[in-house]
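Chemist: First the structure, which I've put down as structure tokens, then a few questions once you've had a look.
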């Protein structure tokens, strides 16, 4: 039984390319321009590039900042 691909071939090629760049030491971070050493970060860069070029990539899981905490108001007596 054939299963549906989660990531397109185009997306996997982008990730492959960024992994090669990381191995060579030429992969740089977008914002700071620092050299990327982390494998996970290289994959994330590849996927975001694929997303920008219109490849089939699942949506990013957004990180919730604040942790859903509410401020407690202090009651005056």
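Nothing in this text is a laboratory measurement; each read-out follows from the coordinates by a stated rule. This structure is a prediction, so every number in the text was calculated from the model and none was measured.
Chemist: Could you please tell me the mean projected area of the C-alpha convex hull for region 9-52, averaged over all directions and given in square nanometres to one decimal? Each step should come with its number before you reach the end.
Modeler: Numbers: hull surface 10.9 nm².
Averaged projected area of region 9-52's Cα convex hull equals 2.7 nm².
Chemist: On full extension of the chain, what length is gained from residue 29 through residue 51, given 0.36 nm per residue of separation minus the C-alpha to C-alpha distance? Don't skip to the end; give the middle numbers.
Modeler: Values: separation 22, 0.36 × 22 = 7.92 nm, distance 1.65 nm.
This chain segment gains 6.3 nm when fully extended.
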